[in-house]
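Remarks on the structure that follows.
The values are calculated or read from the model by the stated rules, or taken from the named source; none is laboratory data. Everything numeric in this text was worked out from a predicted model, so none of it was measured. A quick note on method: Cβ atoms are made from the backbone with ideal geometry, for glycine too, and the neighbour counts reach across all protein chains shown.
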Amino acid sequence: MIFEQVATGGCQSYLVGCDVSCAAALIDPEISQIDRYLALATRHGLRIHFLIDTHTHADHFSATQELARRLEVPVIMHRQSRAPFVDMRVDDGEMLLVGDLRLRVLYTPGHTRDSMCLQLADRLLTGDTLLIGGTGRTDLPTGDAAALYDSLFNRILKLDPRLLVYPAHDYKKQGHSTLERELATNPRLQKRERGAFVEMMGSLNLGMPTHLTEALRTNMSGGKTVAHMLSEAGSKVSFMSMEELKSRLESEERGLLVLDVRERDAYLEGHIPGAKLLPRGQLELRVNQELPDPTRRVLVYCDLGKVSTLAAATLREMGYARAVALDGGMVAWSDAGYPEKAGAEP
Ligand SMILES: [Fe+2]
């Protein structure tokens, strides 16, 4: 068996492969690590057949949908998952065949209603049901402390105590544990009476995870994150450095149109000399009259360099093949002490 654990901060993903057939499954992948997963699979000579989320994540951005599109393989989640992009829903007691490997599904609600653990030979991928020295929280949408109690004490903790525990989160870089060790030392497992356990889970007062709203929105709907939108746009355009632009403006390069896509107030307060104003919100509707020559080189900028990347990508999509985004924005331009002009252009 080939088994790779990939950490993204505290989030853990797993690439599991059969060395006889070269088939593999990827579990709980995170969007920023797509290149790493694909490179790891290639390094081991594996082909990924399944993309699995152990539950709807509230604290990181799942890569299953994006990878499914690229690899043309199914996304798998528990039957209770609401995500519309899931191709195959599985339930307790079922198995996925990954070459000669058997991934056995255990339905373990509690952290979320759609949580499952996956048993694989001598190990258990516990998702956020059981962590090393902790458990998943139960105070986020669809969480249920009593259900978590049952999933732990009446289910996975009754399995072979020697099973290795590989969780979906590990903030202290411990890697893995065993059921036996967790039963003995995990502070959350010392309340073995249901009422006391539920009361403890209700009194944890945990802070909200960062990106909660965006993670739930994208993981439940299959929509894109802001970072994903920016990275897609950034791969469709080329960029020009501020120094390069400054020297081209100084040499009065002919044909270069500098386009400010911020709002009018910001433009009037100070813009790159000679820049034309066309706010991002009006770009598509005014582009025909404002930029009649699609062969002209257009350099787009905004305040921070993000909106301008999106705008330049839109322009390229509309046929402005020489649209370029500024690597930086007006804020950095001002900080660098480069020339700016207030008021309107003639
Ligand atoms: Fe989670």
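Observations on the model:
- Of residues in the stretch 141-173 being among the charged types (D, E, K, R), within 21 Å of R113 (Cα to Cα) and more than 14 Å from the ligand (Cβ to nearest atom), the one surrounded by the most Cβ atoms within 10 Å (Cβ to Cβ): R155
- Checked against (1) surrounded by fewer than 17 Cβ atoms within 10 Å (Cβ to Cβ); (2) within 21 Å of G343 (Cα to Cα); (3) under 32 Å from the mean Cα position of the chain (by Cα), L299 passes all but condition (1).
- The set of residues from the stretch 303-327 being over 17 Å from R280 (Cβ atoms) and of a type outside the set (K, R) comprises G319, A321, D327.
- Residue match in the stretch 174-189 (condition: farther than 15 Å from L130 by Cα, surrounded by fewer than 16 Cβ atoms within 10 Å (Cβ to Cβ) and out of contact with any Lys or Arg (no Cβ under 6 Å at 6 or more places or on another chain)): no
- All told, Q119 falls short of being within 16 Å of the ligand (Cβ to nearest atom), of a type outside the set (G, A, S), touching a Lys or Arg at 6+ places or on another chain (Cβ under 6 Å) and closer than 27 Å to L157 by Cα.
- Any chance V258 is part of a helix (DSSP H, G or I) and either surrounded by 15 or more Cβ atoms within 10 Å (Cβ to Cβ) or hydrophobic (A, V, I, L, M, F, W, C) (or both): no
- Pairing residues of the stretch 87-102 that are under 13 Å from A121 (Cβ atoms) and without any contact (Cβ under 8 Å) to a residue 60 or more places away in the chain with residues that are surrounded by 19 or more Cβ atoms within 10 Å (Cβ to Cβ) and not aliphatic (A, V, I, L, M), at Cβ distances under 8 Å and at least 6 apart in sequence or on separate chains, gives no pairs at all.
Per-residue answers, yes or no, for (1) buried (at least 20 other Cβ atoms within 10 Å of the Cβ); (2) hydrophobic (A, V, I, L, M, F, W, C):
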{"position": "Q5", "(1), (2)": "no, no"}
{"position": "E30", "(1), (2)": "yes, no"}
{"position": "I34", "(1), (2)": "no, yes"}
{"position": "I52", "(1), (2)": "yes, yes"}
{"position": "D59", "(1), (2)": "yes, no"}
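- Within the stretch 127-140, if we keep just the residues that are under 25 Å from the mean Cα position of the chain (by Cα), more than 11 Å from the ligand (Cβ to nearest atom) and not in a strand (DSSP E or B), the residue that is surrounded by the most Cβ atoms within 10 Å (Cβ to Cβ) turns out to be I132.
Per-residue answers, yes or no, for (1) within 28 Å of the chain's Cα centre (by Cα); (2) assigned to a strand (DSSP E or B); (3) at pLDDT 95 or above:
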site	(1), (2), (3)
Q119	yes, yes, yes
L125	yes, yes, yes
G143	yes, no, yes
A146	no, no, yes
R162	no, no, yes
Y166	yes, yes, yes
E182	no, no, yes
M201	yes, no, yes
N205	yes, no, no
